[in-house]
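This report refers to the structure that appears directly beneath it.
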Amino acid sequence: MAIAEEADDDAGDDATVADDTRREPTDETETTDATEDRYTRKQCVLITGCSSGVGHATARAFLEKDWQVIATARNVEDVADLEEAGCTTLELDVTDPDQVADVVERTVEIGGAIDCLVNNAGYAQMGPIEDVSTVDLHRQFDVNVYGPHRLARAALPHMRAQGEGRIINVSSVAGRVSFPGYGAYSGSKHALEAMTDALRGEVEEFGIEVVLIEPGPIESEFSDRVDEELPGSERTPAYESLYEIYDEAQLIGGGQGGPFASTPAEVATAIVESAIRSEPPARYPVGPIGQLGVYARFLPDRLQDALYGVVRKLV
C-alpha cells in the first residue's frame, strides 16, 4: 500500500539528535504583508517527495490550478522536469532539521507566504516484526512520522502569523488497519494519523486546517522501493508463508497496477481538492481499498485475524 517515494536511506540512530531547529517569523510585518498580498499573489504550496509518483503528480496538479509550487526532493535532478514546467524546485531531506527549516523559510520568501504544506514524502518498510531491525524501524519513523512533524513545526508559526493555512498529510489505508508484514509501515501511518487528529484540534482556532489523505494501493514505483525494504538474507524461515502472501498481494494491486490500485493522478486530485475546499473533511480515502479501509477498522479483531487466516490458507 503506497504513498510517495522519497526517503533517506542513510538515516541512522542519531538522526533525531539536536532536532529542534524551529524558526519563528522574523519580523512583525509578515502578518501584514501576507494579508495585503493574499488577493494579489498566487497561493503557495510546499510539497515533499516530488521525485515521482504522487508527489510528482501533485506538483503538476497544483500548477494547473495556478498555484506557486515549491516542489522538493532529496535530489533536485529528479525534479528537473517540474522546474521546466514552472515549479520552484528545492533539495530537501525530511530527516534533516536544518534543511527543513531552510526550505520553509525559502518557501515564504519565494511565495510571500506558505498557504499549504503537503507532507507526502515516505516509504514502506515491510516484513515481519521479528525480521525488522530496530535501526530500520527507527528510519521508518524518522521519514514517515518525524519528517511531517519537522515540516509542520517549521510551517505553523508562519501560518499562525498569516491567520490561515492548510497542512495535508499523506497517510494510507494502512494508517487505519494493520496486517501481518505491515507492522512497521502501519505503525508509522497510525502514528501520523494520531498526530494529525491532535494537530487539527490544536490549530483550528488559528484558521489552520489539517487534512489526511488515505489512499489504498497506488500505481507507481513505490512498490520497487517496498521490495528493496523487504528483509533479504536475514529472513526468518518460519515466516516463509507470510513472504509468499506478500508476493501474491502484488497481483491484486500492491503498486504494480493491479485492479484495485489508484493512479498517482487520482491521489493528487484528492490532495488539491483538500487544499482548495473551504471546509475539507478530516479524511480523504482514495480508491476502492482506501474506501474499504474506512469500514475495516470497525471489524472485530477476531474477524480481521480470521480473514488473514483464510488468505494464508489460500497461498
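The values are calculated or read from the model by the stated rules, or taken from the named source; none is laboratory data. All of these numbers come straight from a predicted model, not from anything done at the bench. Here the Cβ positions follow ideal geometry from the backbone for every residue, glycine too, while neighbour counts run over all protein chains shown. Protein only, heavy atoms only, side chains kept; ligands, DNA and RNA dropped before computing areas. Shrake-Rupley method; radii C 1.70, N 1.55, O 1.52, S 1.80 Å.
Name the one entry in VAL94, VAL76, VAL100 that is farther than 18 Å from GLU164 by Cα, modelled with pLDDT of 95 or more and out of contact with any helix residue (DSSP H, G or I) (no Cβ under 6 Å at 6 or more places or on another chain).
Checking each option against the conditions leaves just VAL76.
Of the strands (runs of 3 or more DSSP E) entirely within region 66-136, those holding at least 1 residues that are open to solvent by 10 Å² or more (accessible area, probe 1.4 Å) occupy 68-73, 88-91. Quick one: is GLU28 over 15 Å from PRO148 (Cβ atoms) and either open to solvent by less than 50 Å² (accessible area, probe 1.4 Å) or at pLDDT 60 or above (or both)? The answer is no for GLU28.
Every residue, every condition in (1) of a type in the set (Lys, Arg); (2) touching a residue at least 40 places away in the same chain (Cβ under 8 Å), yes or no:
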{"residue": "GLN162", "(1), (2)": "no, yes"}
{"residue": "ARG166", "(1), (2)": "yes, yes"}
{"residue": "VAL170", "(1), (2)": "no, yes"}
{"residue": "VAL173", "(1), (2)": "no, yes"}
{"residue": "TYR185", "(1), (2)": "no, yes"}
{"residue": "LYS189", "(1), (2)": "yes, yes"}
{"residue": "GLU193", "(1), (2)": "no, no"}
{"residue": "GLY216", "(1), (2)": "no, yes"}
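I want to confirm something. Restricting to region 137-181 and keeping residues that are assigned to a loop (DSSP other than H, G, I, E, B) and closer than 22 Å to THR95 by Cα, which single residue is modelled with the highest pLDDT? Among those that are assigned to a loop (DSSP other than H, G, I, E, B) and closer than 22 Å to THR95 by Cα, it is SER171.
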